[in-house]
1. Which of the residues spanning the range 8-26 are surrounded by fewer than 14 Cβ atoms within 10 Å (Cβ to Cβ) and either at pLDDT 90 or above or assigned to a strand (DSSP E or B) (or both)?
2. Assuming Ser111 fulfils every condition listed in (1) exposed (fewer than 13 other Cβ atoms within 10 Å of the Cβ); (2) in contact with a strand residue (DSSP E or B) (Cβ under 7 Å, 6 or more places away or on another chain); (3) farther than 30 Å from Tyr132 by Cβ apart from one, which condition is it?
3. Check Val147 against each of (1) farther than 23 Å from Val69 by Cα; (2) modelled with pLDDT of 95 or more; (3) outside any helix (DSSP H, G or I); (4) within 19 Å of the chain's Cα centre (by Cα) and name the one condition it does not meet.
4. Can you pull out the residues in the range 27-42 that are out of contact with any strand residue (DSSP E or B) (no Cβ under 7 Å at 6 or more places or on another chain), exposed (fewer than 15 other Cβ atoms within 10 Å of the Cβ) and either in the same structural domain as Ala128 (by TED's automatic domain parsing) or of a type in the set (D, E, K, R) (or both)?
5. Please state which one of Glu89, Glu97 is buried (at least 17 other Cβ atoms within 10 Å of the Cβ) and modelled with pLDDT of 95 or more.
6. Being modelled with pLDDT of 95 or more and of a type in the set (Asp, Glu) is the requirement here; does Asp130 meet it?
7. Could you tell me how many of the residues in the range 61-80 are in contact with a Pro (Cβ under 9 Å, 6 or more places away or on another chain) and among the hydroxyl-bearing types (Ser, Thr, Tyr)?
8. Evaluate the range 43-61: report whether one residue or more is more than 25 Å from Arg105 (Cα to Cα), in contact with a Phe, Trp or Tyr (Cβ under 6 Å, 6 or more places away or on another chain) and either in the same structural domain as Asn92 (by TED's automatic domain parsing) or in a strand (DSSP E or B) (or both).
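The values are calculated or read from the model by the stated rules, or taken from the named source; none is laboratory data. A quick note: this is a predicted structure, and the numbers were derived from the prediction, not measured. Cβ sites come from the backbone with ideal geometry, for glycine too, and all protein chains shown count toward neighbours.
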Amino acid sequence: MAEKPTILNRTVIAKSRLFRIESMDIQFSNGEQRNYERLARGGSHGAVLVVPLLDEQTVLLVREYSAGVHRYELGLPKGKIDAGESFFEAANRELKEEVGFGAKRLHHLSSFTVAPAYLEHSTEIIVAEDLYAEKLEGDEPEALEVVPWQLSNINGLLATGECTEARSIAALFMALEFLKSRPCG
């Protein structure tokens, strides 16, 4: 495996309330130098995406407005990890805020990146089980619609065209495999 390149210089070239764009001068082990730009974390502690299982056959999705594509999307509850919070604490908080349930059992499935060549961001994928009713006030501008969906019908969900987020889709298939791999009974 090649030696990791060296960051020679890193400069913030643009900033907004949510994002920071960095220009990075990089030198590779063979002496080649390049300039890269990336969307940097900007104080973020990462994010969680939760697969809330009502039972072993049913996942709870949320229908939420997505500004990036200017439409409502069906997907999994998600949100940022606050300072001082573990990803399990963040997952349970987001679950309570967006779905109205907490979880007695949480399992870390994986960490995902999206466009890692340009985006410094990772999302922890968490399966939530043994749900109990508990609602926390969230930061959503409107109530989210909670939609139970059969895990055996993920392809039907995709066919609706309402669930297009790659993280949600991958996490649903991973959760299905997670459940299949557990010992029965």
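1. Leu8, Asn9, Arg10, Thr11, Val12, Ile13, Ala14, Lys15
2. Failed condition: (3).
3. (1)
4. Answer for the range 27-42, where residues must be out of contact with any strand residue (DSSP E or B) (no Cβ under 7 Å at 6 or more places or on another chain), exposed (fewer than 15 other Cβ atoms within 10 Å of the Cβ) and either in the same structural domain as Ala128 (by TED's automatic domain parsing) or of a type in the set (D, E, K, R) (or both): just Glu32.
5. Glu97
6. It is true that Asp130 is modelled with pLDDT of 95 or more and of a type in the set (Asp, Glu).
7. If we filter the range 61-80 for residues that are in contact with a Pro (Cβ under 9 Å, 6 or more places away or on another chain), which is where we start, we get 61-62, 64-65, 76-77.
Okay, now just the ones that are also among the hydroxyl-bearing types (Ser, Thr, Tyr), so 65.
Qualifying residue count for the region: 1.
8. Let us first name the residues in the range 43-61 that are more than 25 Å from Arg105 (Cα to Cα), namely 43-44.
Within this subset, residues satisfying the condition of being in contact with a Phe, Trp or Tyr (Cβ under 6 Å, 6 or more places away or on another chain) are none.
Looking for residues that are more than 25 Å from Arg105 (Cα to Cα), in contact with a Phe, Trp or Tyr (Cβ under 6 Å, 6 or more places away or on another chain) and either in the same structural domain as Asn92 (by TED's automatic domain parsing) or in a strand (DSSP E or B) (or both), one finds none in the range 43-61, hence no.
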